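Have a look at the structure below before the remarks.
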Amino acid sequence: MSRTRLRLGLPDDSWLGEVSRSAPDATLTVTGTVAADESDVTALTAAGVDRAAAVDALRDHDDVDRIETVERGRTETVVRVTAPAPSYVAAARRAGVPFEFPVEVSDGLATLVVVDDRERLSALGRRLAAAGATVESAGGDDPDPILTESQHELVRAAVEAGYYDTPRECTLTELAADREIAKSTCSETLHRAEGQVLRRFVENGTSFDAADSGTEAAPAVAGSSVEEVDDGGDGDARRGSDATGVTATE
């Protein structure tokens, strides 16, 4: 049994593939697909500069029976789409292979993780090929990539923007605006990514001791943090005395 990361080129005639290719600068995040009496229902979030064009393309597509807007934010639109199941869902059902949500789709490429043995994964591959999908790339048997693709992209953008520099060259608000996502989404995504990286760091037995890295540890500063809060108390008095040479009084 293994977890395999797949990157699929969706068929040209699939509604999800066509819509994402018509709005290449939008990211469509599929959070679930269920079978209903009239058709399948897919929940997805459209984000990015082309999100409005993507939603319009969904409304106009012949294979989409109905689209309902669940939530519309400044940077994201959540919709409920009644349409045939995406090609990877239908192929996975026929092959009996479970996959994990969410599934990210951008410019006709879907990234998903499937879980099963090699025989069923081969059957899934044949089903996908028969449906017109192509496997652009696959993560071998690496069972657990540390970060999802969206987390990796956001962390990379944060590093390049100087968000993790000291002092910071970029605020959370600026980073969220640059990525065209809500500030709360940006914060939560970074928090989850940081937690996953630190957990993997600890689980692998990597030491935090400065002596192990061959560098001298810097003296600890009590009460220091990435973003200090000025409380107007004794700390300010001490800093004032250092600057002026006048001893602070109680």
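The figures follow:
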quantity: Conditions (1) among the aliphatic types (A, V, I, L, M); (2) in contact with a Pro (Cβ under 8 Å, 6 or more places away or on another chain); (3) farther than 14 Å from Val79 by Cβ; number of the one not met by Val30; calculated: (3)
quantity: Residue among Leu109, Leu121 that alone is in the same structural domain as Trp15 (by TED's automatic domain parsing), surrounded by 15 or more Cβ atoms within 10 Å (Cβ to Cβ), over 14 Å from Gly9 (Cα atoms) and among the aliphatic types (A, V, I, L, M); calculated: Leu121
quantity: Only listed residue being more than 19 Å from Leu128 (Cα to Cα) and either surrounded by fewer than 21 Cβ atoms within 10 Å (Cβ to Cβ) or modelled with pLDDT of 95 or more (or both), chosen from Ser39, Ser20; calculated: Ser39
quantity: Residue ID - surrounded by the most Cβ atoms within 10 Å (Cβ to Cβ), chosen from residues in the stretch 169-185 that are without any contact (Cβ under 8 Å) to a residue 40 or more places away in the chain and in a loop (DSSP other than H, G, I, E, B); calculated: Cys170
quantity: Given (1) at pLDDT below 85; (2) in the same structural domain as Thr27 (by TED's automatic domain parsing), number of the condition Val114 does not satisfy; calculated: (1)
quantity: Residue list for the stretch 70-89, restricted to those being among the charged types (D, E, K, R), closer than 17 Å to Ala53 by Cβ and assigned to a strand (DSSP E or B); calculated: Arg72, Glu76
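Residues are listed down the side, and each one gets a yes or a no for (1) surrounded by fewer than 17 Cβ atoms within 10 Å (Cβ to Cβ); (2) modelled with pLDDT under 95; (3) within 24 Å of the chain's Cα centre (by Cα):
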{"residue": "Ala43", "(1), (2), (3)": "no, no, yes"}
{"residue": "Ala47", "(1), (2), (3)": "no, yes, yes"}
{"residue": "Ala54", "(1), (2), (3)": "no, no, yes"}
{"residue": "Leu58", "(1), (2), (3)": "no, no, yes"}
{"residue": "Asp63", "(1), (2), (3)": "yes, no, no"}
{"residue": "Thr69", "(1), (2), (3)": "yes, no, yes"}
{"residue": "Val81", "(1), (2), (3)": "no, no, yes"}
{"residue": "Ala95", "(1), (2), (3)": "no, yes, no"}
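The values are calculated or read from the model by the stated rules, or taken from the named source; none is laboratory data. What you are looking at is a predicted structure, and each value in this text was computed from that prediction instead of being measured. With ideal geometry, Cβ positions are generated from the backbone for all residues, glycine too; neighbour counts draw on all protein chains shown.
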